[in-house]
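Student: Supplied in structure tokens, the structure appears directly below.
What follows draws every value from the coordinates through simple rules; no lab data is involved. These numbers come from a predicted model, not from an experiment. Every residue, glycine as well, gets a Cβ built from its backbone with ideal geometry; the counts of neighbours run over all protein chains shown.
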Amino acid sequence: MGRIRAYRGLARRGTDRTADRQTNPPSTSHSNARRQSNYRAPSEQRLKSNGLLIYCMAEVLILYYSRHGRTAELANEIRQGVILEANCTAKIRTVPPIGSTKIDVPEKGPPYIRKEELAQCDGLALGSPTRFGNMAAPMKYFIDSTSDLWISGSLINKPAAVFTSSNSMHGGQETTLTSMMLPLLHHGMVLVGVPYSEPALHSTRTGGTPYGASHFDGSEKLPLSTEEVQVAKTLGRRLARITLQLRALSCS
Ligand SMILES: Cc1cc2nc3c(=O)[nH]c(=O)nc-3n(C[C@H](O)[C@H](O)[C@H](O)COP(=O)(O)O)c2cc1C
């Protein structure tokens, strides 16, 4: 169970496995339940079928590169969303620039990522400025150092989300977001976006996409808009919720 704390207890006497067996033939109970119910979180499904109430603690790693601070601002909003979910904590880390003299500790801001921290996270939000329609080289450089995690499968089945900041409206936010998704898919991660049930996706005139959170800084170096903040928080919270649900499944 590692550092995840899981507590198990009997949920409701009437929903334990024995009671289910007495009232429903085993071959049909699952399909009937599926037909009758709307969407149910995986952790709740587990609770229904096993009669176990499972609480997991989970940690979302928010890992970004930011040269001028805009991607860092988005990271902070995503963090606000993550910690809205009870039982979920957020850890913020960055990657070092390329070509500078190697230093272990940045002059300001969060520490540089250690690969063990990535391996141990339960969920991941990955962010980079848009650079020629792609993620920035320091982030790619770090990701290219993770073959050992790919070999060990450390990130398989863990949820991940992406975010970016760009200077122009059509300068490649979506391509940058998808460029970060590709290695995460190779790692076996489960991608989490922003559904259109989020009203800010409909009203935004700047950043904020279904593929992930984003910011358009423009030539005037605009601050994050209300909608950009809202989409980032929604993404963080959704990532946290799905991280907890997947943790609950693997704890059981
Ligand atoms: C080398 C380089 C390439 C860039 N390429 C793009 C681009 O393709 N499209 C765009 O809209 N902005 C581009 N930008 C601007 C940054 O994406 C933008 O200023 C971003 O908000 C910076 O994020 P940060 O404050 O986190 O460093 C580029 C900036 C640099 C330095």
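Student: Report the full-extension gain for the segment Lys108 to Leu249: residue separation times 0.36 nm, less the Cα-Cα distance, to one decimal in nm.
Tutor: Additional length available on full extension: 47.0 nm.
Student: Within region 219-245, what residues put their amide N at less than 13 Å from the label point 7 Å along the Cα-to-Cβ vector of Met169?
Tutor: Under cut-off, by backbone N: 219.
Student: Taking amide H positions as placed in the peptide plane 1.01 Å from N, state which residues far from Gly212 in sequence (5 or more) or on other chains have amide H under 5 Å from it.
Tutor: Under 5 Å from the amide H of Gly212 lie the amide H atoms of Val194, each far enough along the sequence or on another chain.
Student: In 10 Å bins starting at zero, report the fraction of Cα pairs in region 99-252 per bin as a rounded %.
Tutor: Going out from 0 Å in 10 Å bins, region 99-252 shows 11, 36, 36, 15, 2, 0 percent.
Student: Which order do Met181, Met139 fall in if you start with the one that has the fewest other Cβ atoms within 10 Å?
Tutor: In order of increasing Cβ crowding within 10 Å: Met181, Met139.
Student: Under the rule of at least 5 residues apart or a separate chain, name every residue whose amide H is placed under 5 Å from the amide H of Ala136.
Tutor: Residues meeting the criterion, in which the H sits 1.01 Å from N, are Arg131.
Student: Which residues among region 199-221 fall inside the zone where the amide N is under 19 Å from a point 7 Å beyond the Cα of Asn76, along Cα→Cβ?
Tutor: Only 207-208, 213-218, 221 fall inside the zone, counting backbone N under 19 Å.
Student: Right, something else. Using Cα pairs closer than 8 Å and at least 6 residues apart in sequence, work out the relative contact order for region 58-251, in percent.
Tutor: 27 percent
Student: Taking H placed 1.01 Å from N in the peptide plane, check which residues at least 5 places from Lys91 or on another chain put their amide H under 5 Å from its amide H.
Tutor: Distant-sequence amide H within range of Lys91: Val60, Leu61, Ile62.
Student: What nm distance separates the two modelled labels at Ala86 and Val190, each placed 7 Å from Cα along Cα→Cβ?
Tutor: Each label point is offset 7 Å from its Cα along the Cβ direction, giving 2.2 nm.
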